[in-house]
Amino acid sequence: MEVANRIPQIMVVDDDPDTVSILARHLQREGFVAIEAISGAECLRLVHEHRIDVILLDLMMPEMDGFQVCRSLKQDPATAEIPVIMITARDDLDARAEGMRLGVSDFLAKPVFRRQLANRIRAQLDMLATGRATEAALSNLEHAHHADKK
Amino acid sequence: MDAAFRPPGLHGLIGDHPTIVKLRALVERVAATDATVLITGESGSGKEIVAHAIHAQSVRARRNFVPVNCAAIPHELLESEMFGHERGAFTGAAAPRQGLFATADGGTIFLDEIGEMPLQLQAKLLRVLEDGIVRAVGADRSIKVDARVIAASNNDLVAAVKRNTFREDLFYRLQVVPIAIPPLRERRSDIPILIEYFLDRMRQRMPGRDWSVTREVMVNLWSYDWPGNVRELVNMVERLVIMCEDSVIDMPLLPSNLVSGSRLAETRIPTTIGANGINLNSLVRELEGRMINEALKQTSGNKQAAAKLLGLKRTTFAAKLRRCGVIAPSSPDEADEA
């Protein structure tokens, strides 16, 4: 259900540059374009410069942690609908509860499994495709309706 | 449309996810037309509920909504079920019988699991869709029927077309308006909303009773993948309510398959070695991961403080975090393997 004419762009956000490049390499092997960000601030800047489909967000980062980044993304109408997948070594009830509250699309504990990560990203891309297909069906119906009236 | 629009009976599409909001708008819009609709979605995602909602909101609402499960009716009987038969049309046809299409006259016929329909019958259905004319098995004459057709299938109809087990022309004729219902795990943020909705329904059914879900239960339900989709979630909420003796739905009530990942539930590190032996490497990794996780939890994610808590240098800690921390090749017990 992915858009055929465009390679999905996935942003990887983690304060550890090695982690970012490991994840980015993996994403490229899976056929995605990876956009790298090594801080929350960089994520919030880059998200406006690219058409990002899904964001993989680390929870524990200095200065601005993953929750703060997520909150900013969700508050901005321009970025609110981008699915956020939280990836974290800190997987406990409090972290998950906060992720749930903030409306993250998925929550993965490190280490993530290769296949699992790709599947979770594809699930979110499928959901975006469903949204676009629904919009198209809706607009086709509107056009047909207007054509009938004329 | 109002994002909080929640008509009774449309619980396949309850939620605030942008796609679900659009889907509700589409359902409402398509109900005002007579267009043929093809609904796709996994098992339990609420295809029949959506079909019924389209019927109930249409001008046909006062007439019949006739669901037909094409997979449940034996192939040799499906044609006479759908189109009816004359007396003596085949062995056992002692009396003439009206078909389901005729029953749906003025209303809606819902053809579920349409992918299971035999090819020969698909040709006949295509003709019905083109001119609305139905001929009963063994009949000389045809009758005109005005039934709106809503079909549904799992997501595999495109594959069936490629395999030549489903007619391409019929596929396009059905798919005038496609409605795809996403699986619940792709819109996790709607899970708490759905749970509250179903609890509310139970409150109405059992006046005077009330239930609340603990945060821990809610997080576990949110983390679960719901392969049976909304239907599985409804069943689970009802089961939890029935099993709940007071008013608080807490962890002991949750079935074990719903308790998420090893780290949300305590696993035990063995202290003895059984006859089958152990895998020391994986055990060490497990313990290391858990201690790192615990240290990060206690220090609210401060890596420097966490390293100190574990008696490690910051660089060693960072390396461990990365090594046990980023990405692992898929393991055989990985649930997402498929």
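Details
- Dipole magnitude of the protein assembly as shown about its Cα centre (Cβ charges: Lys, Arg +1; Asp, Glu -1), debye to nearest 20: 200
- Taking the longest Cα principal axis of chain B as reference, the axis of helix B:314-323 is set at about 30 degrees.
- Computed from the C-beta positions of B:Asp225 and B:Asp140 and an R0 of 41 Å, the FRET efficiency is 0.15 to the nearest 0.05.
- Magnitude of the charge dipole, the range B:271-317, Cβ model with Lys/Arg +1 and Asp/Glu -1, debye to 20: 280
- Qualifying lysines (Cα of each under 22 Å from Cα of B:Lys162; at least 8 residues distant if same chain): B:Lys124
- Antiparallel DSSP beta bridges within the protein assembly as shown, as percent of all bridges there, nearest 5: 10
- For the range B:88-121 versus the range B:127-195, the inter-centroid distance based on Cα atoms is 15 Å.
- Ordering B:His55, A:His26 from the fewest to the most neighbouring beta carbons within 10 Å gives A:His26, B:His55.
- Degrees between helix B:18-31 axis and first principal axis of chain B (Cα, 0 to 90, nearest 10): 10
- For the peptide A:43-55, the mean number of other protein chain Cβ atoms found within 10 angstrom of a residue's Cβ is 0.
- Debye, to nearest 20: dipole size of chain A, +1 on Lys, Arg Cβ, -1 on Asp, Glu Cβ: 580
- Of the residues A:Val33, A:Leu117, B:Asn257, the one whose Cα sits farthest toward the positive end of the charge dipole of the protein assembly as shown, with +1 on the Cβ of Lys and Arg and -1 on the Cβ of Asp and Glu, is A:Val33.
- Lys/Arg +1, Asp/Glu -1 at C-beta; the range B:185-236 dipole; positive extreme among B:Val234, B:Ile191, B:Met218: B:Val234
- Inter-chain shielding of A:93-101 (mean C-beta neighbours from other protein chains, 10 Å cut-off): 6
- Cα centroids of the range B:210-241 and the range A:19-45: 34 Å apart.
- Positive end of the dipole of chain B (Cβ unit charges, origin at the Cα centre): among B:Ser153, B:Val284, B:Ile54, the Cα lying farthest that way belongs to B:Val284.
- Degrees, to the nearest 10: B:229-243 long Cα axis against longest axis of chain B: 70
- Placing pseudo-labels 7 Å out from each Cα toward the beta carbon at A:Gln75 and B:Ala319 gives an inter-label distance of 4.0 nm.
- Those lysines that a straight Cα-Cα span of less than 24 Å connects to B:Lys297, excepting residues fewer than 8 apart in one chain: A:Lys110, B:Lys308, B:Lys313, B:Lys320
- The residues A:Cys70, B:Cys244, when put in order of fewest to most other Cβ atoms within 10 Å, stand as B:Cys244, A:Cys70.
- Counting neighbouring beta carbons within 10 Å and listing from fewest to most, the residues B:Ile193, B:Ile249 come out as B:Ile193, B:Ile249.
Read-outs: derived from the displayed coordinates by stated rules, not from any lab. No experiment lies behind these values; they were computed from the predicted model shown. Please note: Cβ atoms are built from the backbone with ideal geometry, for glycine as well, and neighbour counts cover all protein chains shown.
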